[in-house]
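Report on the structure given below.
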Number of protein chains: 2
Amino acid sequence: MSMSRILSGGLLGLALAATPAFADGHIDQAIKARQGLMQFYAMNLGVLGAMAKGERDYDAAAATAAAANIAAIAGTDQSMLWPQGSDEMSADNTRALPDIWENFADVSAKSDDMVAAAAAMETAAGTDLASLQEAMKGLGGACGACHKPYRAPE
Amino acid sequence: MSMSRILSGGLLGLALAATPAFADGHIDQAIKARQGLMQFYAMNLGVLGAMAKGERDYDAAAATAAAANIAAIAGTDQSMLWPQGSDEMSADNTRALPDIWENFADVSAKSDDMVAAAAAMETAAGTDLASLQEAMKGLGGACGACHKPYRAPE
């Protein structure tokens, strides 16, 4: 994955979402889409996490496939998924805090970190278990770095 | 995108899903994830479709970004998203017909066609409007080729 591809991905296009380009139906659609992508992240992280914790035998091919999925999703331009009005104060069925839209620069920086951690995992996953475990710290940390400040408790 | 990457993507790993590796919670998670990916496809297709129909000015950069998103999702291994028991007879909130699990070879072939159509769109989208419009036929056709036989009516 080239650096330009990395830099074009994630939430970097988030500033676009500051313009109210969506009707309410599109808000629901955006929330459903981004939650589905998060769910897909979670399922693939589950594969890697189970190996990292020794709950599942290390399998280089399965780990690589899971890491490639995460990196592919991280590389997409998700700007359409974060329209104004899709925070938890304005919309149902979301835990996205309004602070996201107040802190574009910080969210974008954290998104870049996640894209970089996903790329590191894509290399590490197929190398060996120790590499996967090390990369898991970075990837898990990158997820939490956004979820902690910008997602409401369940 | 290399051919091996293309061939590793889509639903090709579907045969894996024939083993009942998921508890019920995982069924719901898989359905939510795949519907989110479909929603993200739809949002990006919406951008391309609006340009194709002249409802929105042709914008090579926006078209390329949308097409790249579609191709990235199409390139993922979605085998985890189609576990046995996640059809509309067995699970709530899905229109996936049981026939999907009876016809792996056909579903996989149609998935490959969709991956190829997405790759063609990725090239066409940034070329010019006429190319985008032509590629839209292939991509729309590839979507419908699976939705018509394998998705229950709303």
Q. Buried (at least 17 other Cβ atoms within 10 Å of the Cβ) and farther than 18 Å from B:Gly36 by Cβ, is that true of B:Ala109?
A. no
Q: Could you tell me whether the stretch B:53-65 includes any residue that is surrounded by 18 or more Cβ atoms within 10 Å (Cβ to Cβ) and in contact with a strand residue (DSSP E or B) (Cβ under 6 Å, 6 or more places away or on another chain)?
A: yes
**Q.** Answer from A:Arg56, A:Arg5, A:Arg34 - the residue that is modelled with pLDDT of 50 or more, of a type in the set (D, E, K, R) and part of a helix (DSSP H, G or I)
**A.** A:Arg34
Q. Out of the residues in the stretch A:35-45 that are touching a residue at least 12 places away in the same chain (Cβ under 8 Å) and more than 7 Å from chain B (Cβ to nearest Cβ), which is nearest to A:Met80 (Cα to Cα)?
A. A:Tyr41
Q. Looking at this structure, is B:Ala96 facing another protein chain (nearest Cβ under 10 Å) and closer than 19 Å to A:Phe40 by Cα?
A. no
(Q) Restricting to the stretch A:138-154, count the residues that are crowded, with 17+ Cβ neighbours inside 10 Å and over 16 Å from A:Leu45 (Cβ atoms). (A) 1
Q | Qualifying residues in the stretch B:66-75 (those that are of a type in the set (Gly, Ala, Ser) and crowded, with 23+ Cβ neighbours inside 10 Å) - the one nearest to the other protein chains (Cβ to nearest Cβ) | A | B:Ala72
Q) For the subset of the stretch B:65-88 comprising residues that are in a helix (DSSP H, G or I) and not aliphatic (A, V, I, L, M), which member is farthest from A:Gly46 (Cα to Cα)? A) B:Asn69
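Yes or no, residue by residue, for (1) within 25 Å of A:Ile31 (Cα to Cα); (2) touching a residue at least 60 places away in the same chain (Cβ under 8 Å); (3) out of contact with any helix residue (DSSP H, G or I) (no Cβ under 8 Å at 6 or more places or on another chain); (4) of a type in the set (Val, Ile, Thr):
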| position | (1), (2), (3), (4) |
| --- | --- |
| A:Pro98 | yes, no, yes, no |
| A:Val107 | yes, yes, no, yes |
| A:Ala118 | yes, no, no, no |
| A:Ala124 | no, no, no, no |
| A:Leu129 | no, yes, no, no |
| A:Glu134 | no, no, no, no |
| A:Leu139 | yes, yes, no, no |
| A:Cys146 | yes, no, no, no |
| A:Pro149 | yes, no, no, no |
Q. Outside any helix (DSSP H, G or I) and in contact with an Asp or Glu (Cβ under 6 Å, 6 or more places away or on another chain) - does that describe any residue in the stretch A:103-121?
A. no
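The values are calculated or read from the model by the stated rules, or taken from the named source; none is laboratory data. Every value quoted in this text rests on a predicted model; they were computed, and no experiment measured them. For neighbour counting, all protein chains shown are included, and Cβ atoms are generated from backbone atoms with ideal geometry for every residue, glycine included.
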